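As structure tokens, the structure follows; a few thoughts come after it.
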Amino acid sequence: MALRALDEGRANTSFEGRMARHEAAQLAALRALGLGSYSGQASGAGSKHKPGGREVGYFFCMGIQPMSDSKIRVLVVDDHPVLRDGVAAILENQADMIMIGEARDGREAVELFRSLLPDVTLMDLQMPVMNGVDAITEIRSIHAGAKIIVLTTYAGDAQAVRALRAGAVGYLLKSGLRTDMIDAIHDVHRGQRHVHRDIADEIALHVVDEPLTGREIQILCLVSVGKGNRQVACELGLSEETVKGHLKNVFAKLGVADRTHAVTVAARRGIIDI
């Protein structure tokens, strides 16, 4: 947007001030959750060349150099071939990056990570066999310095916090893949965090909220598939009044007035999957 010359300096200063305050609030929210600055180096490892290019569940690498001047070696994990192909196309245009392998689920991701020790791993969350959060946890148990960036369709704060607490150091929305991914890989490879602004905003917005208990989430999951209070009580071995009490607490914590809205808000924030 064009600004008048007389107001340009003042407008820019104001904008920069707002951005600085905005970023400070996001960082404070992450730190409040124990997700502050991260440092550490992932170690590289040799890998064998897979003739014929990319193949799901396998790895490949061409012309590996010493770590001091090699390309950033990237492992991609997603159950959708189109997404993996899209990431591969973007990385092919980067002179300092190479995609060394791809996996269709969390279990394959763990196996490939163990074999390859990539510099950066791009990880989906919702996958068959093993989900992304469990894969992140297992990978970090193999190598505490693993640098993992989550790629997801969902901007929910609860899901993001689970992934970041599991050990992810980056969090991106798939809608911003072409604009954000390369910067995120560079940032994470340098030992920095990279969290999409929308997700950081969501985390900051709910950082002081009282979280739902395991029982409350369990009840809300059953409600989300259409079960009434009596059915929920029977399935969980609770009284109907106890179920009603739990739902009352859920409504208060989520700031809603009814079951439908509770399910909608919980799903949007990544508290439950529907």
Bin all alpha-carbon pair distances of the range 214-268 at 5 Å intervals from 0 and give each bin's fraction as a whole percent.
-> 4, 23, 37, 24, 10, 1
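List His143, His80 from most exposed to least, where exposure is judged by having the fewest other Cβ atoms within 10 Å.
Details: His143 16, His80 12.
Ascending Cβ contact count within 10 Å gives the list His80, His143.
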Return Lys147, Lys227, Lys248 ranked ascending by Cβ neighbour count within 10 Å, so the fewest neighbours appear first.
-> Lys248, Lys227, Lys147
Which cross-chain or sequence-distant (5 or more) residues have an amide H under 5 Å from the amide H of Val129, H modelled 1.01 Å from N in plane?
-> none
Rounded to the nearest Å, the spacing of the alpha-carbon centers of the range 212-239 and the range 77-132 is 36 Å
Based on the mean of other Cβ atoms within 10 Å per residue, sort peptides 117-127, 177-187, 157-167 so the most packed one is first.
-> 117-127, 157-167, 177-187
Glu210: net charge of surrounding residues, Cβ under 13 Å, Lys/Arg +1, Asp/Glu -1, itself excluded?
-> -1
In what order do Val150, Val256 fall by count of nearby beta-carbon atoms within 10 Å, going from fewest to most?
-> Val256, Val150
Averaging sequence separations of C-alpha pairs under 8 Å and six or more residues apart, then dividing by the length of the range 214-268, give the relative contact order as a whole percent.
-> 34 percent
Restricting to Cα pairs under 8 Å and 6 or more apart, the percent relative contact order of the range 72-206 works out to 21 percent
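Any read-out appearing in this document is the output of simple, stated calculations on the displayed coordinates, not a laboratory observation. These numbers were taken from a predicted model, which means no experiment stands behind them. All Cβ positions, glycine included, derive from the backbone under ideal geometry; neighbour counts span all protein chains shown.
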